[in-house]
Amino acid sequence: MTKTNLARTLREPAELVAEQLAPATALPTLERVAARYAVAITPALIELIDKSDPDDPIARQFVPTAAELEMQPGESADPIGDHPHSPVSGIVHRYPDRVLFKLVHVCAVYCRFCFRREMVGPGKENALSDGAYRAAIDYIRSHSEIWEVILTGGDPLMLSPRRISEIMADLAGIDHVKIIRLHTRVPVADPARISDEMVAALKVEGATTWVALHANHARELAGPARDACARLVDAGIPMVSQSVLLRGVNDNVAALSDLMRAFVECRIKPYYLHHGDLAPGTAHLRTTLADGQELMRQLRGRVSGLCQPDYVIDIPGGAGKSPVGPNYVLAVQNTAGDARDADSETRYRIVDYCGDVHLYPPET
């Protein structure tokens, strides 16, 4: 297996210019962006970028632009409200039966739309201290309603297999923790990091491991990434997907269909399609809710049911996720001439994926 090569990751604007990922004239502006938001593009992702395409969907996700310096009303450093639900450092307890456990604040690659972009990267706290880690474990242990722990950050798979193994054992040793889910981009950003040692570290007695992979375009699931995912799935670790609806990346039905099919081909169940969060400097990548709903309507019926994610929005301020896909069912009031009695089922108008309307139950 090829060794991980994060050492060749591009991190400085001058390196982006030298690699022909940005014009030299943009260098002063890109340095201003990089001074505020972390930059990192791994060799695995550089290989996927079509440098001849100014609108390349891979580059659009990772190469910084001047638009990131433009703040819009409503944008926030904590757009989904993690902070109000953080009882101890590293823990977000928003829903009764699960918590986020933010172990690290570094990633293999930094997305230009990241909702935690003010909290991750160089110059920020890299990882929980030993004391904060123990306090977080104690919090989980003391709350018996916690059934699932979601390892996030940053990217938890930036930790070593040895450290991952220790964390998995600590969590699995808590009787009421039955599910350990990891949110990661590493299988795409640095596929070689998903080594046999890493896969073994993710498997633990006493709890079931799930891995949620973040990818936004089918080209991200190239051969090396597919091989990395296969190592996880072949080891018995189920995978789901998370994607963000992004303008110029996947905001058309062809790109979205290709992405969801690619997930399913990799034995990854499409899970969430996130509406873009109100993170600072990300307006150029956000779509409208109406656009997202129309895309989900187009996706329905055009690709397999296996390929259908839930389109969700994280309500600003910390109220949690809400599904915002199109509504296909509308109640219809019975008319005076309806021969059915009052106990009969309400009639509905149901909209199919082509936009045609049907009555249910049908007229007899």
Can you tell me which residue within region 325-364, out of those that are of a type in the set (V, I, T) and at pLDDT 70 or above, is surrounded by the most Cβ atoms within 10 Å (Cβ to Cβ)? V351
Counting only strands (runs of 3 or more DSSP E) entirely within region 110-219, those with at least 2 residues that are open to solvent by 60 Å² or more (accessible area, probe 1.4 Å) are 208-214
Enumerate the pairs (first residue in region 127-141 and hydrophobic (A, V, I, L, M, F, W, C); second residue anywhere and assigned to a loop (DSSP other than H, G, I, E, B) and open to solvent by 30 Å² or more (accessible area, probe 1.4 Å)) with beta-carbon separation below 6 Å, excluding pairs fewer than 6 apart on the same chain, so at least 6 apart or on different chains. A132/S89; A135/V88; A136/V88
Pairs under 6 Å by beta carbon, first residue within 13 Å of N216 (Cβ to Cβ) and of a type in the set (K, R) in region 237-257, partner open to solvent by less than 10 Å² (accessible area, probe 1.4 Å) and in a helix (DSSP H, G or I), six or more apart or different chains? R247/L285
Selection from region 278-307 of residues that are of a type outside the set (A, V, I, L, M, F, W, C) and part of a helix (DSSP H, G or I): H284, D291, G292, Q293, E294, R297, Q298, G305
Given the condition open to solvent by 10 Å² or more (accessible area, probe 1.4 Å), closer than 15 Å to T282 by Cα and at pLDDT 95 or above, answer yes or no: does some residue in region 72-90 qualify? no
The number of residues in region 290-308 that are out of contact with any Lys or Arg (no Cβ under 9 Å at 6 or more places or on another chain) and touching a residue at least 12 places away in the same chain (Cβ under 8 Å) is 11
Positions within region 266-277 being assigned to a strand (DSSP E or B), more than 22 Å from D78 (Cβ to Cβ) and open to solvent by 10 Å² or more (accessible area, probe 1.4 Å), in sequence order: K269, Y271
Name the one entry in A44, A40 that is under 21 Å from the mean Cα position of the chain (by Cα) and either open to solvent by less than 20 Å² (accessible area, probe 1.4 Å) or acidic (D, E) (or both). A40
Consider I58 against the criteria (1) of a type outside the set (G, A, S); (2) touching a Leu at 6+ places or on another chain (Cβ under 9 Å); (3) open to solvent by 80 Å² or more (accessible area, probe 1.4 Å); (4) part of a helix (DSSP H, G or I): it satisfies all of them except one. Which criterion is unmet? (3)
Scan of region 81-109 for residues that are assigned to a loop (DSSP other than H, G, I, E, B) and within 18 Å of H214 (Cα to Cα), ordered by number: L103, H105, V106, C107, A108, V109
Looking at region 316-324, can you tell me whether even one residue there is modelled with pLDDT under 85, among the hydrophobic types (A, V, I, L, M, F, W, C) and in a loop (DSSP other than H, G, I, E, B)? no
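The values are calculated or read from the model by the stated rules, or taken from the named source; none is laboratory data. Since the model is a prediction, treat every value here as computed from it, not as a measurement. A quick note on method: Cβ atoms are made from the backbone with ideal geometry, for glycine too, and the neighbour counts reach across all protein chains shown. Protein only, heavy atoms only, side chains kept; ligands, DNA and RNA dropped before computing areas. Shrake-Rupley method; radii C 1.70, N 1.55, O 1.52, S 1.80 Å.
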